[in-house]
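> Just passing along the structure, written as structure tokens.
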Amino acid sequence: MVTKPTDISHILETAGIVTEKPVIVNETEDTYPIKADTWDNWFPFAYLAFQEIARSQTVSSFAAIGTGNGADALGAINIFGRDLETIIITDVGNAALQVSDQNVRRYSKGKKVFALNGSLCQPLIQRGIKVDLIYENLPNIPDGEDVSSGYRQASVYNPSLLPAVPDKLVRDYLLESHYSLLKESKHALNHGGSVICSIGGRVPNSVLRGMVERLGYKYEELITGFKRQTEPLEVLPGYAKAEKDGIEFDFYKYDEAISCLQSHGIKNPFIERSSDELKDLLAPFRISAREALQLYEQNPNYVIGHMVNMVRAINQ
């Protein structure tokens, strides 16, 4: 197994987190790869969401569901500081989990760290564990193949790992993994605890809010941003296939969208507007998944963009 050490200190600093020493994440072929450009990654957006939480409450216990490489938990350690006593990371891929465990323990002196193999919140529920904050960035596209390791695990999942989802709108918009996680989180959260759902803003905002509220949570929009669509060949075909019976997903012509945002004085990572405002602003550059896939197939260098939503579901 080849291990690649990656210094993420600059990513932490770009997200407003000052560290006393370099923060190194070891990567292997089993972990989700860290992108060179800070905002091509998801976890810096999570860091911004964690900072929003930290402004209003202390977090003593944290769980990263589907950690991929441990970078999400490292942000939590730095942001929640001394108040954070217990850190739990989970993953369906045991090889990725072992590497993530090493990455997290390296910077967790004096804290309890648990690395648990399994799907969704089951590793916590089975052990009777409850936490103050759960973070998830789960894949959206169902795929029957083995996707328990490597970069594919961030985009696709094996549907046999999830319970049946009765909500048709959730199924149509490929939100089953998030729905299932939120449903199980009721049994893994302390009273007043929260789930941060990291979801690409490719679906209507009303669908996200409705899903959260129907499951008995209070909905709060923490962070909305805009980023490049990475791994387009893995992602676009799955969304294009799901576009039927009037269902479409929101992608954007990246270069045109960036020019528009910059002309309005909005700087990278473009978090200065609400999700509704950002969708309205970028509407002229919106394309469906099928259109995005066609553009990419015609020119593999064509860059597609999408919005990022960090949504907070508060346990009531």
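The values are calculated or read from the model by the stated rules, or taken from the named source; none is laboratory data. Small disclaimer: the values here were computed from a predicted structure and weren't measured. All Cβ positions, glycine included, derive from the backbone under ideal geometry; neighbour counts span all protein chains shown. The protein model used for the area step is the full one, side chains on, heavy atoms only, and it has no ligands, DNA or RNA in it. Shrake-Rupley method; radii C 1.70, N 1.55, O 1.52, S 1.80 Å.
> Just the number, please: carbon plus sulfur as a percent of the accessible area of the range 207-267, 1.4 Å probe, no ligands or DNA/RNA counted. It would help to have the intermediate numbers written out before the result.
Numbers: 1270 of 2780 Å².
Roughly 46 percent, rounded to a whole number.
> Moving on. For the chain, what is the calculated [θ] at 222 nm in deg cm²/dmol (nearest 500), taking -39500 (n - 2.57) for each run of four or more DSSP H residues and dividing by its residue count? Don't skip to the end; give the middle numbers.
On the way: 12 runs with 108 residues, N = 316.
That comes out to -9500 deg cm²/dmol.
> So, counting K/R as plus one and D/E as minus one, what does the shell of residues with Cβ under 14 Å around SER9 add up to? Intermediate values should be presented prior to the final figure.
On the way: positive: LYS21, ARG106; negative: ASP7, GLU13, GLU20.
Local charge sum for SER9: -1.
> Follow-up question, since we're still on this one. Given LYS4/LYS267; LYS35/LYS253; LYS4/LYS112; LYS241/LYS279; LYS244/LYS279, which pairs have Cα atoms separated by over 28 Å?
Details: LYS4/LYS267 31 Å; LYS35/LYS253 21 Å; LYS4/LYS112 26 Å; LYS241/LYS279 23 Å; LYS244/LYS279 22 Å.
Over 28 Å Cα-Cα: LYS4/LYS267.
> Going by the alpha-carbon gyration tensor, a ≥ b ≥ c the square roots of its eigenvalues, is the range 165-316 rounded (a/c under 1.5) or, if a/c is not under 1.5, prolate (a/b greater than b/c) versus oblate?
Values: a/c = 2.34, a/b = 1.45, b/c = 1.61.
Verdict is oblate for the range 165-316.
> Sticking with this one: Quick one: 3J(HN,Hα) in Hz for the range 58-63, Karplus 6.51/-1.76/1.60 with θ = phi - 60°, rounded, Gly and Pro as x.
With the stated coefficients, the range 58-63 comes to 8, 10, 9, 9, 9, 10 Hz.
> Right, here's the next one. So what's the net charge close to LEU116: Lys and Arg +1, Asp and Glu -1, counting the other residues with Cβ under 10 Å from its Cβ?
Working: positive: ARG127; negative: ASP91, ASP101.
That sum, taken over residues with Cβ under 10 Å, equals -1.
> For ASP37 and ARG106 in one chain, what is 0.36 nm times their gap in residues minus the Cα-Cα distance, to one decimal in nm?
Values: separation 69, 0.36 × 69 = 24.84 nm, distance 2.41 nm.
Length gained between ASP37 and ARG106: 22.4 nm.
> Given a Förster distance of 41 Å, report the FRET efficiency between GLU297 and LYS218 from their Cβ-Cβ distance, rounded to the nearest 0.05.
Numbers: r = 42 Å, r/R0 = 1.02.
Efficiency for this residue pair is about 0.45.
> Between ARG82 and ASP255, how many nm apart are label points set 7 Å from Cα along the C-beta direction?
Modelled inter-label distance: 5.2 nm.
> Then there is this: Please state the charge dipole magnitude for the range 6-130, taken about the Cα centre, from unit charges on C-beta atoms (+1 on K and R, -1 on D and E), reported in debye and rounded to the nearest 20. Don't skip to the answer; put the middle values down first.
Numbers: 11 positive and 14 negative charges, 127 e Å.
The dipole of the range 6-130 has a size of about 620 debye.
> Where in the chain are the DSSP H helices whose alpha-carbon span along the long axis reaches 20 Å or more and whose Kyte-Doolittle mean is at least 1.6?
On the way: long enough: none.
Counting only whole DSSP H runs, no helix qualifies.
> If you take the square roots of the eigenvalues of the alpha-carbon gyration tensor of the range 57-195 and sort them as a ≥ b ≥ c, do you get rounded (a/c under 1.5), prolate (a/b over b/c) or oblate?
oblate
> Okay, moving on. Given R₀ = 35 Å, what would the calculated FRET efficiency be for SER9 paired with ASP143, taking r from the Cβ atoms and rounding to 0.05?
The value I calculate is 0.55.
> Springs between alpha-carbon pairs under 10 angstrom, Gaussian network model over the chain: which of ALA96, ALA46, ALA242 fluctuates most?
Evaluated over the chain, the most mobile residue of the options is ALA242.
> Where nothing but the Cβ of Lys and Arg (+1) and of Asp and Glu (-1) is charged, how large is the charge dipole of the range 161-316 around its Cα centre, in debye to the nearest 20?
Once rounded to the nearest 20, the dipole reads 320 debye.
> Which Cα, out of ILE129, ILE79, GLY305, lies furthest along the positive dipole direction of the chain (beta carbon charges, K/R +1, D/E -1)?
So the residue we want is ILE129.
> Under 1.5 on a/c is rounded, so check that first for the range 39-117, then, if it is not, pick prolate when a/b is larger than b/c and oblate when it is not; a ≥ b ≥ c are the square roots of the alpha carbon gyration tensor eigenvalues. It would help to have the intermediate numbers written out before the result.
Values: a/c = 2.00, a/b = 1.28, b/c = 1.57.
Taking the square roots of the gyration eigenvalues as a ≥ b ≥ c, the range 39-117 is oblate.
> Related question: List the residues whose amide H sits under 5 Å from the amide H of VAL203, counting only those 5 or more places along or on another chain, with H placed 1.01 Å from N in the peptide plane.
Those lying under 5 Å, H to H, from VAL203 are ASP250.
> Using Cα extents along the principal axes in Å as the read-out, say which of (1) 51, 43, 42; (2) 57, 43, 35; (3) 65, 41, 36 was calculated from these coordinates.
(1)
> Here is a further query. Which of TYR254, THR14, ALA283 sits farthest toward the positive end of the charge dipole of the chain, with +1 on the Cβ of Lys and Arg and -1 on the Cβ of Asp and Glu?
Of the options given, the answer is THR14.
> Here is a further query. So if I place +1 on the C-beta of Lys and Arg and -1 on the C-beta of Asp and Glu, and nothing else carries charge, what would the dipole magnitude of the range 206-298 be about its Cα centre? I want it in debye, nearest 20. Walk me through the numbers on the way to the answer.
Values: 13 positive and 17 negative charges, 25 e Å.
My answer is approximately 120 debye.
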